[in-house]
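> Dumping the structure here so I can ask a few things about it.
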Amino acid sequence: MKNNIKINLNFIKAIFLKRSLVVKVILVFLLSFVSCTDFLEEKPITAYSADQFYDSTEKLNSAVLGIYDVLSSRELFGTNIVLLGADTDIEILRGTTVNGAAGTIEEVGHYNTQNKSTIVESLWAKFYDAVNRSNAVISNASKMPSSNADEQKRIKKYIAEAKALRAFLYTNIVISWGDAPLRTVASDLSQNLSLERSPKSKIYAQIVKDFEDAIPDLPWHDDVNADKGRINKGAAMALYTRALLFAGGYSLYQDGTVKRADNYLEYYEKAEIISKELISSGKHVLNPSYENIFRNLCGNIIEPSESMFEIDFGYLAGQGSHAGTIGGSSTGVAIAGHSASYNVAPKMFTHYYMYNKFGVNDLRRRVSIADYKLNGPNFTEVPISVKSSSTWSCAKWRRNWHTSVPTNFTLTDVNYVVIRYSEVLLMRAEILNELNNGPTPESIELVNKVRRRGYGTNNIGTNADVPLNFTTDYTTFLNFITEEYAREFYGEGNRKFHLIRWNLLGKRIAEMAAIFGDPATKDFHGLRVYLAGNLFTAGKHELYPIPYRDIVESNGALIQNPGYSDF
């Protein structure tokens, strides 16, 4: 048995060509298992105490990798979070059945979310599992013995990494559930595990502290001690900026109102400082080719200068536990005429109206939207008519760009992109517009940089630049930025939550419902029913429900979000 395990490990090392840290996570756990089996006949070891485990930087590194292990689950960034960016004005989930079932992603995406939803329950559980692993690293790393300066530096880096990841996790928790339990120490049986919900202001205060503690001790992506595929200084600064904009944006409160915090401008002021520092560092730049961003992702090529932070996935010789579904069953291009095993119809679709958000010369349209399906073993493009445009899909992760030989068309090893540098530029443009009550020359030029790349030009004053009539005032420019997000990040999973912070989700859904419900438009989409238009409820669906099981097990400490039933 021991020999078989060791042979299998060598086989995995040999066949796994991806540069991903996924293999490191898997090998950490497999090697631990081998170590235990070596002693099965003598003295079984079933668990380490914290004192036993946190006694070397190698084990501390393993504990940090354990945080990424949770992020790379399909309950989080492997599938569910990819799909829960729908339904919006640009992305729609396939399927028109909403019968109140608790176990489907469509129920959540189409705004028929149940308080007993297994999808929401697994999101909650996985996020807090990752938080707890982060807490364990932070709580125990300071106790570790260190014999030299190099080892001390590594320990500080791992603590910083865990703090940045915890801040990222709590950002996801607070935008998904609002007020939520806040725990910053590792859980054990001596503690009260039935925590009340902390106000989102307190959670954001912890997020701010964690990012500010972490950033000084994180390496830039091109530093010699930077670990590929893991969060670095630039990524943490970008995610910190995004978290500050969520903190300063609109959100649903427990009293049922959607509003901003009274001190929302303070968050924008912090975001202005951090975004300026990040851009001025010169460590990150736009890839000159929008298409190559996604060719690189499909080809497992690292590009941290643009793609600042990714969640790594790997499909290993039939082992799918750390594989994702991007480019497969969740979002990508439909495959037909290949074989019964490999044909796939992804769950995420778009429509003719998203197609027309792009300018005629905007190269991002062809990269982003597949108005075709891939047919046969050679992946021939077969056009889909405008009348069926509600089955057009995201072309960014098309199978004919994948460099690894596809052995499973449901699962892939394409990474989830958490944040790209173009978002940093658009966020700073928004920040300057907010703080100056209107666009400035810098904010307009930041948007122009993103658009010129999308149009494949460096020339100033072309049709790539923001039209002058959209630079006249605060509201007009902000609306243009919100649409630029749609063009730049279509299919990348964050649209819904940005619309919420702009207080635009309900408005955009209503606009699309009117279009799809107009008989005169039937020849331009073919969509039978736009469920979001029927089911979205303002003052409720800006947040997910607190899982029923957690409310019960908290003995009354947790209360439900507005609009949802406790039972």
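The values are calculated or read from the model by the stated rules, or taken from the named source; none is laboratory data. All values derive from a computational prediction rather than experimental measurement. We place every Cβ from the backbone using ideal geometry, glycine too, and count neighbours over all the protein chains shown. Surface accessibility is based on the protein's heavy atoms, side chains included, excluding ligands, DNA and RNA. Shrake-Rupley method; radii C 1.70, N 1.55, O 1.52, S 1.80 Å.
> Given R₀ = 25 Å, what would the calculated FRET efficiency be for Ala205 paired with Ile559, taking r from the Cβ atoms and rounding to 0.05?
Here the calculated transfer efficiency is 0.75.
> Same structure, new question: Determine the order of Glu107, Glu75 by accessible area, beginning with the largest, at a probe radius of 1.4 Å.
These residues rank, largest area first, as Glu75, Glu107.
> Also, I was wondering about something else. For the ranges 203-212, 509-518, what's the packing order if you count other beta-carbon atoms within 10 Å of each residue, average per peptide, and put the highest first?
Averaged packing, sorted descending, gives the order 203-212, 509-518.
> Of Lys233/Lys540; Lys163/Lys496; Lys163/Lys276, which pairs sit farther than 32 Å apart, going by alpha carbon to alpha carbon?
Lys233/Lys540
> Here's something else I'd like to know. Could you calculate the contour length gain from Lys228 to Glu381, that is, 0.36 nm times the residue separation minus the distance between their Cα atoms, to one decimal place in nm?
Here the answer is 51.6 nm.
> Provide the solvent-accessible area of Thr97, counting protein heavy atoms only and rolling a 1.4 Å probe, rounded to the nearest 10 Å².
The value for Thr97 is about 90 Å².
> Could you tell me which residue out of Ser388, Val418, Ser62 lies farthest along the dipole of the chain toward its positive end? Charges go on the beta carbon: Lys and Arg +1, Asp and Glu -1, centred on the Cα centre.
In the chain, that residue is Ser388.
> Taking all protein chains as present, what is the carbon and sulfur share of the accessible area of the chain, in % to the nearest whole number, probe 1.4 Å?
C and S atoms contribute 53 percent here.
> Quick one: what are the phi-derived ³J(HN,Hα) couplings along segment 265-275, Karplus 6.51/-1.76/1.60 with θ = phi - 60°, whole Hz, x for glycine and proline?
Values, residue by residue: 5, 4, 5, 5, 5, 5, 5, 4, 5, 6, 5 Hz.
> Report, in deg cm²/dmol and to the nearest 500, the calculated mean residue ellipticity at 222 nm for the chain, where each DSSP H run with n ≥ 4 adds -39500 (n - 2.57) and the sum is divided by the residue count.
For the chain, the value works out to -14000 deg cm²/dmol.
> Still on this model: Ile119: accessible area at probe 1.4 Å, nearest 10 Å²?
We get 20 Å² for Ile119.
> First measure r as the distance between the Cβ atoms of Ala345 and Arg549, then evaluate 1/(1 + (r/R0)^6) with R0 = 45 Å and state the FRET efficiency to the nearest 0.05.
About 0.90, to the nearest 0.05.
> Candidates [x] 69, 54, 53; [y] 77, 57, 54; [z] 79, 59, 51; which is the computed Cα extents along the principal axes in Å?
[y]
> If you don't mind, there's one more thing I want to ask. Please list the non-local residues whose amide H lies under 5 Å from the amide H of Tyr372, H modeled 1.01 Å from N, same-chain partners needing a gap of 5 or more.
Amide H neighbours of Tyr372, under 5 Å, 5+ apart: Ile384, Ser393.
> I'd like the accessible area for Lys153: 1.4 Å probe, protein heavy atoms, all chains in place, Å² to the nearest 10.
Around 130 Å² of this residue is reachable by solvent.
> Then there's this: Could you provide, to the nearest whole Å², the per residue accessible area of segment 178-294 with probe 1.4 Å?
44
> Using only Cα atoms, locate the centre of segment 206-270 and the centre of segment 290-348, then give the distance between them in Å, rounded to an integer.
One Cα centre to the other: 27 Å.
> Something else: In 10 Å bins starting at zero, report the fraction of Cα pairs in segment 60-121 per bin as a rounded %.
Going out from 0 Å in 10 Å bins, segment 60-121 shows 22, 42, 22, 11, 2 percent.
> Between Ala538 and Leu265, what FRET efficiency comes out of the Förster formula 1/(1 + (r/R0)^6) with R0 = 25 Å and r the beta carbon distance, rounded to 0.05?
Rounded to the nearest 0.05, the efficiency is 0.50.
> A further question on this structure: Given a 1.4 angstrom probe, what's the average accessible area per residue across segment 415-530, in square angstrom?
37
> How high is the relative contact order of the chain, in percent, counting Cα pairs under 8 Å that sit 6 or more residues apart?
19
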